[in-house]
Structures are given as C-alpha cells and as structure tokens.
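Working notes, structure below.
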Amino acid sequence: MTLADRNHQGIGMTSQRTRDRLIQRLQQQGINNEQVLDVMRRVPRHLFVDEALAHRAYEDTALPIGYGQTISQPFIVAYMTQLLLEEGNASSVLEIGTGCGYQTAVLASIFPQVYSVERIEALHQQAKKRLAEFEIYNVQLRHTDGIEGWPNLTYRFERIMMTAACGEIPEALAAQLTPGGIMVLPFDNGVDQTMTRITRSSEGLISEALEKVVFVPLLPGLS
Ligand code: SAH
C-alpha cells in the first residue's frame, strides 16, 4: 500500500477541502496531468513539515525544513513531476536532494522504483524514518553527494530530478541517464535560475530552458 492510498485526513488548515483548493490552484497554473494532480491531492504534505508549520502545508509556498533547506513549493513539485511524465511513464527515477522526502513520496506514488540521495545526514535519516512510517517500500535512499549520481556506476535511470540548483550539469550524473532519458534541474547561470530539461538523444544531450525558478544551491560533499 502506498502513501497515496492511505487516508491521512487532516482537520482545519490541513483538511481535504484546504488540499482541494491547492489542487485547483495548481490546475490554474497549468498542471494538467491527472496522475500528478491525484497524487498531490492525496500525499499529506503537512506530515512532512514541522508540526508548527503544518497549518501552512497547503499554501503554495516553500517552507523551512531545518539545516538551511526548504521543502519545495507544491507548484514546483507538481511541475517537475509533470515534466518527467511528458514523454510517458518510466520504470526508474533518481532524485537528487531528498530533503524532507515529500517529493520522493510523490514520485514513489507514480514511478515503480525511486532512488533518492541527500548530502545532509540528519535530513536523510529523517526522510528514511518518515517514508518507512508511511509504508513506502519502492524507494531507496542514500546519504551521499548527488553530484556523483547514484553510488553504483553501472546503474542508469530513465528519469533524473534534481531539487537543488547547479551552475553546471554534473557529468557523472548525466552519464547515469539512459538513452532517451530525461533529467530536469534548476540551472543557475550566476544571475538567475531556470528550470531546464535535458534529454539524452542519439546525438548527445539536448538542453531546453523552461521557467524561471528559485532553489537552494547544490552543494558539494557531505554534512
Ligand atoms: N525534494 C526536497 C527539496 C529539498 S531542498 C523536498 O521536497 O523536501 C534541496 C535538497 O538538496 C536539500 O535537502 C539539500 O541538502 C540537498 N542537496 C544539496 N546539494 C546536494 C548534493 N550535492 N547531493 C545531495 N543532496 C544535495
């Protein structure tokens, strides 16, 4: 049973009505993939943030998760997930930047196999505990530097999602994309950040610039 199948009803500011209003807002902003909308409606974002912030969980805003990091804005989670689904579903996804594990849980409700890495050990441990509590079993988490990709070089992914901004595309990571595979990442040119879609075609990597975005930076090494 996945998290999205379970009934995590909230009350007041975390009630289904409040969540439905967020979904309507996402639709108005151009999220039209039914699978994404359905999963976003059901995954309880309020259980991925500190209790003191739970009442703000269904506002379309990023929230602090400690250690100087943030849980991405719901629109961004929906938008990036939708981008990964545009060319159809895929069997495996690698996420760089587990954070609180919310985006990971959304991915796990859609893709059969999800891999996610986080450089901050405390966040990694917390996400591991949380996803286990929600009985999400199709996720593998690692405390490692995502710049190096998944720490098994023979493995390749059909989709890669990076949830922290980088100034260049990490080579080791791009090498873990299957032919035809798609990677989405916030690209930082030093002035601003742009959501970017990278596709591995037979001629090499094709890069497309999409929306302007704001993300925390991709940092090297472990913490
Ligand atoms: N998907 C997360 C977003 C967290 S913010 C969520 O929904 O909560 C981005 C995360 O990327 C942070 O937790 C940060 O610690 C992590 N991060 C930054 N650089 C990284 C790197 N090189 N390798 C792995 N994780 C990294």
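The values are calculated or read from the model by the stated rules, or taken from the named source; none is laboratory data. Predicted, not measured: the structure shown is a model, and the values here were computed from it. Cβ sites come from the backbone with ideal geometry, for glycine too, and all protein chains shown count toward neighbours. Keep in mind that these areas ignore ligands, DNA and RNA; they rest on the heavy atoms of the full protein, side chains included. Shrake-Rupley method; radii C 1.70, N 1.55, O 1.52, S 1.80 Å.
Observations on the structure shown:
- For the chain, the C-alpha radius of gyration sits at 0.95 times the compact-globule guess of 2.2 N^0.38 Å, with N the residue count.
- Only helices enter the 222 nm calculation for the chain: every DSSP H run of n ≥ 4 contributes -39,500 (n - 2.57), and dividing by all residues gives -7500 deg cm²/dmol, rounded to 500.
- The fraction of accessible area contributed by carbon and sulfur in the chain is 49 percent, rounded to a whole number (1.4 Å probe; ligands and nucleic acids excluded).
- Largest accessible area first, the listed residues Glu158, Glu95 line up as Glu158, Glu95 when surface is computed with a 1.4 Å probe on the assembled protein chains.
- Computed from label points 7 Å out along Cα-Cβ, the spacing between Leu219 and Gln113 is 3.2 nm.
- Solvent-accessible area of Lys128 with every protein chain in place, 1.4 Å probe, in Å² to the nearest 10: 100 Å²
- DSSP-defined beta bridges in the chain - what % are antiparallel, rounded to 5: 45 percent
- With R₀ set to 22 Å, the beta-carbon distance separating Glu171 from Glu86 gives a calculated FRET efficiency near 0.35.
- Among Val214, Thr196, Gly66 the positive-end extreme of the charge dipole of the chain (Cβ point charges): Gly66
- When Thr70, Thr104 are compared by accessible area of protein heavy atoms, the largest-first order is Thr70, Thr104, using a 1.4 Å probe.
- Residues Tyr115, Tyr155, Tyr67, ordered by accessible area of protein heavy atoms at a 1.4 angstrom probe radius and largest first, appear as Tyr67, Tyr155, Tyr115.
- Net charge dipole, the range 4-101: roughly 360 debye, given to the nearest 20, about the Cα centre with Cβ charges of +1 for Lys and Arg and -1 for Asp and Glu.
- Local net charge near Glu118, Cβ-Cβ under 10 Å (Lys/Arg +1, Asp/Glu -1): 0
- Near Gly149: Cβ cut-off under 15 Å, other residues only, Lys/Arg at +1 and Asp/Glu at -1. The net charge is -2.
- Counting only the Cα atoms, the range 139-223 fills a convex hull of 103 Å³ per residue.
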